[in-house]
Structure formats: C-alpha cells, structure tokens
Ligand code: SF4
C-alpha cells in the first residue's frame, strides 16, 4: 500500500483506493457529488487506476504524481484479473466497518458487490493497452463505468468506439482554453498536446448519443479560472451532455504547488457556472456544496436523463 493505494492484479500495476465518499456513505456522512448529479451509489463504487502512468503532470492534481511514468512499461494484466483482485481488495479494505457502530448494515452488505467502477483514481486510463477489454469486462459483470481522460489520446477514443467498448460515461478534463494555458495547467510542454486535446473534443462531439459524455473543469484562481467565453466555445464544440464546473480543492500535494488562496469558494463557482450556462445555452442544473461543484446539462433531455445510475 502506498498513500492508501492498494495494488491489485498479478503484476500490481493497477490499484484501488477506497474513496473518502464511499467511507462517508457507509457511516451516514453523506454521498459524493456524482451521487447527487447522476445517482451513483457512493458505497457501491470501486475507485480504480489501471496503471501508474500519465503523460501530464498537472500542478492542480491532488494525487502524488512524482512516481508516475509517462508511457506504459511492462506487462498489462488481464481485465478479469484486475477486476477480481480489485473487488477482493475493496471487500478487504471495508472489513473494518463491520465493527463500526455507525455503519449502515444494509449499505455495508451492498458494498460487498460494487456496481460501479470509476477509472479515475490515478494516471491516464487510455495508456492501459487493454482499456477496451477492461470496459467490456465491467459491462459483462453488469457494472457501469466512468473513464476520466486527459484527452491526449483521441486515437484510443476512436478505438473504444470501433470496438464497442465505450464506458457508461466518458470524461475529458477541461482545464485550459488554448495551447499556452494547456501547457501551464497540464505541465505538458509537448507542442502537439493541445492539438491532441482538441482532436479529443472533436471525437467527443462524434460520440454524441453513443455514450454519456462529460467535461470536467477543475478551476483554481490565478491559474485557470476565468475566460468563460473561451471555455464556452470548447464546451459547445464538444457537444458534451454534461459539464462539471468544479473548484480545485486545496488537498494533497497540490496544496503546496498552488497555495490555499487559489481555492475558489462555492459562490465563485456558482457565478462562473452561471456565466458558462448563459454563454453556452446549457442548463444550470444542480450543485453539491461540499465539493464546490455545479452541473450544467446540455438540454432538458440531458437533465431528465442525468440520474441514470440511481
Ligand atoms: S463516483 Fe468518484 S467520488 Fe463518488 S464514490 Fe466513486 S470514486 Fe468516490
């Protein structure tokens, strides 16, 4: 275990970590914003990393990124081995709740059989060479999936589509509005990175209606907060079903990099989200105050469909 990560599978390149919201949901401490927005049952969620690799090193990432490799190295375990091992590890890590007087017994029982896999714990999932198989494995087990990508691998998005392996909800992280701001927000100085990201935005548009698509903005003051007009153009170009407008939270190692004063208040986020809504025509739908996040829905139909997972 490293920083709460529990490595799983034969080669131990994948990892899980019991999400703080999973724990809270088991003891009556509330649920995550994806519960409020989409109906995800936080206590039945498996937070997974396929591998410890990412081509970015975003200053706002609250996870420890110094040990991440840039490209995939070594073996790639089979998705079934990863999921079997991940579920076993999650059960093991939740064992302690059995003796907790605050634990909700029926939720704890349900938590033994996760319903949802959030491939968003750490690293860039599109670097895992067997991502389409992993998504299909999750689907075959009657579970749902989130894939959260940095948008640098549009060819993988195309592959997922061709191989009928789209996740239940596909995310791109939107933290910049042009090449210079992308280099700053991602720590990636490659001249092709911004173009690859824009290509992913175009892919997202092509996926409209084939899976649920989401842009997630993580905003820090003095860093990437503001520029509603430029962000709105990208949101409209993606045609995403949902846009999560979220404050960067001063957590983990990112706190030293950005400083606590960079954390927007919930009110600042609501004002900015309203501005984005007015510029894009998206609907300002729901907010989650503890996570300082607002959900914009593309239209009334997307708003009606949002609680898919409940
Ligand atoms: S959806 Fe995300 S925040 Fe919610 S319980 Fe799962 S990993 Fe945690």
I'd like to check something: does the range 189-203 contain any residue that is at pLDDT 95 or above, surrounded by 17 or more Cβ atoms within 10 Å (Cβ to Cβ), assigned to a strand (DSSP E or B) and touching a strand residue (DSSP E or B) at 6+ places or on another chain (Cβ under 8 Å)? no
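Across the range 2-20, which residue is farthest from the ligand (Cβ to nearest atom) among those that are within 17 Å of residue 53 (Cα to Cα) and part of a loop (DSSP other than H, G, I, E, B)?
Taking the candidates together, the pick is 11.
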Hey, among 265, 238, 253, which residue is surrounded by fewer than 15 Cβ atoms within 10 Å (Cβ to Cβ) and closer than 20 Å to residue 120 by Cβ? 253
Within the range 21-40, residues more than 8 Å from the ligand (Cβ to nearest atom) and assigned to a loop (DSSP other than H, G, I, E, B) come out as 27, 28, 29, 30, 39
If you scan the range 239-271, which residues turn out to be without any contact (Cβ under 8 Å) to a residue 24 or more places away in the chain and in contact with a strand residue (DSSP E or B) (Cβ under 7 Å, 6 or more places away or on another chain)? none
I need a count of the residues in the range 208-223 that are in a loop (DSSP other than H, G, I, E, B) and under 18 Å from the mean Cα position of the chain (by Cα). 1
The number of residues in the range 288-299 that are touching a helix residue (DSSP H, G or I) at 6+ places or on another chain (Cβ under 7 Å), in contact (Cβ under 8 Å) with a residue 24 or more places away in the chain and within 13 Å of residue 246 (Cβ to Cβ) is 7
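The values are calculated or read from the model by the stated rules, or taken from the named source; none is laboratory data. Predicted model only: the values in this text are computed from it and were never measured. Methodologically, a virtual Cβ is constructed for each residue, glycine included, from the backbone with ideal geometry; neighbour enumeration extends over all protein chains shown.
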